[in-house]
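The values are calculated or read from the model by the stated rules, or taken from the named source; none is laboratory data. Everything quoted here is computed from the prediction, not taken from an experiment. Neighbour counts run over all protein chains shown; Cβ positions are idealised from the backbone, glycine included. Note: areas computed on protein heavy atoms with side chains; ligands, DNA, RNA excluded. Shrake-Rupley method; radii C 1.70, N 1.55, O 1.52, S 1.80 Å.
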Amino acid sequence: MTKKILLFCDPGIDDSLAIMYTMLNPDIELVGIVTSYGNVTKEQATANAAYLVQLAGRNDIPIIPGASQPVQQEDVTFYPEIHGDGIGPIHPPSNMQYQTYPFDMIRYIIEKYRDELIIVDTGRSTTLAMAFILFPDHLKMVASLYVMGGAFFVPGNVTALAEANFYGDPTSSNYILKFAHNLTITPLNATQFAILTPDIVDAISKNKKNIYAFMIAPVFEYYYEFYKKSVPGISGAPIHDLLTIMVINHPTIVDYIYYDANVVEGGEAKGMSYIDYRPTSKTGKTRIAIQLHYEAFIDEFSRIMLPK
């Protein structure tokens, strides 16, 4: 059965690749995109999402702008050195026309699909937390939630301890971790190994049946340049958000542990995710990906992105 997904995101190169994979995947129906600040501004994220769905001829997918800053009211840092304007060097046409929908559209989408709906959040946690606060009874209707965030007993990517999504708004991240049901987290433990290499990108860029082929190489090269500097010797670039979408239909691509997770909200450890891993502690209900099976990941990515 086709999985119906409502995607919260902040495109972002890895968000953009996740959207491409989703749009091309016959086993996934993208029923809405909720955009927010994070890798880029909310406005840029919204334009990027609209551009990617328009390229696929899917103007029917609602684009819903969300939060523009975290609840802490702190200055927001964007990452042009990593993501450019969100799709690397690719820019949506300046004259592009697209429609956006009010935030209440989230409630309508949940009412329409109810327990068929899966919510995925690959961006900062603010907007999804807002949805939980505004529509608590509706969020209970959805089948499950998937969140890209955190780093458990491994280094962070925005600080030594913290992953970017949980660091960006740890208060909202904690809110989601507390109230979300059937929750799966894909942290850096698994996503940092979801690496695309130049040979795969070259094959996709030559595939005439992939509507996104023209942008794959320049987007990857922009992203890879950053990772070659920050992770010397890396063979490609990790596409964190892509893995979060992929495990919905292919859960065995990663191994899991089950614990209740928390996020440090302030101080030097701000954004650090942790679980009580002591021998006498109880396991929890949250499914946390801890190890990637790389060949299975690449096989699935190639299956979708290299149509025959």
> Shape of the chain from its Cα gyration tensor (a ≥ b ≥ c, root eigenvalues): rounded if a/c is under 1.5, otherwise prolate when a/b > b/c, or oblate?
Replying inline: rounded
> How far apart, in nm, are two points set 7 Å out from the Cα along the Cα-to-Cβ line at E268 and at Q99?
Replying inline: 5.3 nm
>> List the trypsin sites (Lys or Arg not before Pro) within the stretch 15-107 that DSSP assigns to loop and that have no more than 14 neighbouring Cβ atoms inside 10 Å.
In response: R58
> What do you reckon, how do S173, S302 stack up by accessible area (1.4 Å probe), largest on top?
Replying inline: S302, S173
>> Just to make sure I understand: if all protein chains stay in place, what is the order of K285, K3 by accessible area at 1.4 Å, largest first?
In response: K285, K3
> For the stretch 103-152, what size does the Cα cloud have along each of its three principal axes, sorted from largest down, in whole Å?
Replying inline: 35, 20, 15
> Classify the stretch 22-128: rounded, prolate or oblate, from the alpha-carbon gyration tensor (a ≥ b ≥ c, eigenvalue square roots; a/c under 1.5 rounded; otherwise prolate if a/b is larger than b/c)?
Replying inline: oblate
> So which GluC sites (Glu not before Pro) in the stretch 229-301 end up in coil per DSSP with only 14 or fewer other C-beta atoms within 10 Å?
Replying inline: E268
>> Taking the alpha-carbon distance from K270 and a cut-off under 30 Å, which lysines remain once sequence neighbours fewer than 8 residues away in the same chain are dropped?
In response: K42, K140, K178, K228, K229, K282, K285
> Quick one: Kirkwood hydrodynamic radius for the stretch 1-73, alpha-carbon pairs, angstrom, one decimal?
Replying inline: 12.3 Å
> Over all Cα pairs of the stretch 56-108, how is the pair count split among 5 Å bins, expressed in % and running from 0 up to the last occupied bin?
Replying inline: 4, 13, 14, 20, 23, 17, 8, 1
> Tell me, how many Å apart are the Cα centres for the stretch 135-155 and for the stretch 221-270?
Replying inline: 15 Å
> So what's the back-of-envelope 222 nm ellipticity for the chain, counting only DSSP H runs of four-plus at -39500 (n - 2.57) apiece and dividing by all residues, rounded to 500?
Replying inline: -11000 deg cm²/dmol
> Rounded if a/c is under 1.5, else prolate if a/b is larger than b/c, else oblate: which is the stretch 138-247, with a ≥ b ≥ c the root eigenvalues of its Cα gyration tensor?
Replying inline: oblate
> With the dipole of the chain worked out from charges on the C-beta (+1 for Lys and Arg, -1 for Asp and Glu) around the Cα centre, which of I257, I110, M148 lies farthest toward the positive end?
Replying inline: I110
